[in-house]
Amino acid sequence: MISADQAIQIVLENVAPLGVERIPIVEAAGRVLAQDISSPRDIPGFDNSAMDGYAVRAADLAKASEASPVKLTVVETVGAGMMPTRRVSAGEAVRTMTGAPIAEGADAIIPVERTRGGGTVVEFLVPAEKGASIRPRGEDLRLGELVMSAGKTLKPADLGMLASVNRAMVEVIRRPRVAIVATGDELVDVDQSPVGPQVVNSSAYALGGAIREAGAEAVILKVARDDAREIRERLAEAMTFDVVLSTGGVSVGQFDHVTGALDELGMRQLFHGVAQKPGRPLKFGTVGYRPIFGLPGNPVSTLVCFYLYARPAILKMSGMRRVGLPRVRARCAVDIKVGKDVTEFVRVKLERGADGWVATPTGSQGSGILSSLSRADGLLIGPSTETLLKAGAQATVLLLGPDGDVGAVAADELFEGRRHSQ
């Protein structure tokens, strides 16, 4: 049985970014750029005013002050989107709005607040420095300048930059399509009330949300009952997707048919079983380029294994460079027992203490208790070398879901050892 660190390295070594697609920039936030972008022109394309004011010759206002203002004649008003028609000569000014081009002959902008009047003749109360409040041509970008490089994850500001250089469409790394194959006679859908030994297929919905949160497309296939033929048919259907996630049927029980079905479909098994808790029975392999995750059936194990292994794979396939969960250091609020010779991922709630984050287990850590994961802010890493983390001890916590409320630091890919180099 391999360690958690070995497992994540094997996963990341066996996935790669997908192909390129061309999409409208309005849909590109969060996507990974697949091309270098250069500017087709200077931006801005002309000297323009940084504020509402007057375009003047600095030499005319060398001696201006509140006690001895200088009067200039306003010969024109220029708004944004207009071009000046008059040259500024000695003793003249052009009323110029924010973003409007600077009239020829002017070399400074005096803000309205530093003037008196507002008609044809205006009093200027301060001297001007050449270039004051003028945005020069090419201040933002020069013709041919590299705007952004392939591999960049696009933020809203990047979409504005793309628009400014007339890129209505952009090439990005394709997002994975992920198939979810839940197996088990006991499963019923969310709109059915379970009776007897039945349970609601909650794992499929949890996985669907986690996949979409990772920026990929999730498709929940019809549940496969505990029948070898039906499971094989459902997994064969899933092979048309980029990533396959199955839940249940990967252990050694009488009705665990997933392993056999995957073997028939030609899966190259890379590991089966990880020295971790929860999620020990995790199975991983590939069919061609396609990663296959045989997730355990218990809902907590399913989702924890997704976060630790499938999510990083999906992000790497999407072109992301940093793929691990964000992490913080936290102090244990209480003694926390962890499994012997396994890496245990303890569900914890985080609170800000006087000296940093404090982690408290969310309750019973059974692999079927999904509420304990729903209440958790993160997964505290219980090292395989420990069996007890004493109250006050420092530990690493992997953050789950949006991290804004917790304040994540840089993500990493390993759980106990050094960072994996991709």
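The values are calculated or read from the model by the stated rules, or taken from the named source; none is laboratory data. In this text the structure is predicted, and so the values were computed from the model without any measurement. Virtual Cβ from ideal backbone geometry, glycine too; neighbours counted across all protein chains shown. Just so you know, the surface numbers come from the protein's heavy atoms only, side chains and all, with ligands and any DNA or RNA stripped out. Shrake-Rupley method; radii C 1.70, N 1.55, O 1.52, S 1.80 Å.
Accessible-area rank, largest first, for Thr302, Thr360: Thr360, Thr302, with all protein chains present and a 1.4 angstrom probe.
What is the calculated FRET efficiency for Lys390 to Ser364, with r their C-beta to C-beta distance and R₀ = 22 Å, to the nearest 0.05? Once the sixth-power term is evaluated, E becomes 0.60.
Please report the antiparallel percentage of DSSP beta bridges with both residues in the chain, rounded to the nearest 5. Looking only at bridges with both residues in the chain, the antiparallel portion is about 70 percent. Stokes-Einstein, applied to the Kirkwood radius of segment 279-321 over Cα pairs at a viscosity of 0.890 mPa s and 25 °C, places its translational diffusion at 226 µm² s⁻¹. GNM, the chain, Cα, under 10 Å: largest mean-square fluctuation among Lys337, Lys152, Lys283? The residue that fluctuates most here is Lys337.
Largest mean-square fluctuation among Tyr309, Tyr54, Tyr205, in a Gaussian network model of the chain whose springs join Cα atoms under 10 Å apart, belongs to Tyr54. Phi-derived couplings, Karplus 6.51 cos²θ - 1.76 cosθ + 1.60 at θ = phi - 60°, listed residue by residue for segment 111-116: x, 3, 5, 9, 9, 10 Hz, with x used for Gly and Pro. For Arg268, the solvent-accessible surface with a 1.4 Å probe is about 120 Å², rounded to the nearest 10. Once the convex hull of all Cα atoms in the chain is built, its volume per residue stands at 200 Å³.
Computed from phi, the 3J(HN,Hα) profile of segment 277-293 under the Karplus parametrisation 6.51, -1.76, 1.60 (θ = phi - 60°) reads 9, x, x, 3, x, 3, 10, 9, x, 9, 10, x, 7, 7, x, 10, 10 Hz, with x in place of Gly and Pro. Under a 5 Å amide H cut-off, with hydrogens placed 1.01 Å from N, Phe271 pairs with Phe284 among residues at least 5 apart or on other chains. Couplings 3J(HN,Hα) of segment 216-224, computed from phi: 9, 9, 10, 10, 8, 7, 4, 4, 9 Hz, in residue order, whole Hz [Karplus 6.51 cos²θ - 1.76 cosθ + 1.60, θ = phi - 60°; x for Gly and Pro]. In terms of the mean number of neighbouring beta-carbon atoms within 10 Å, the peptides 193-200, 68-75 order highest first as 68-75, 193-200.
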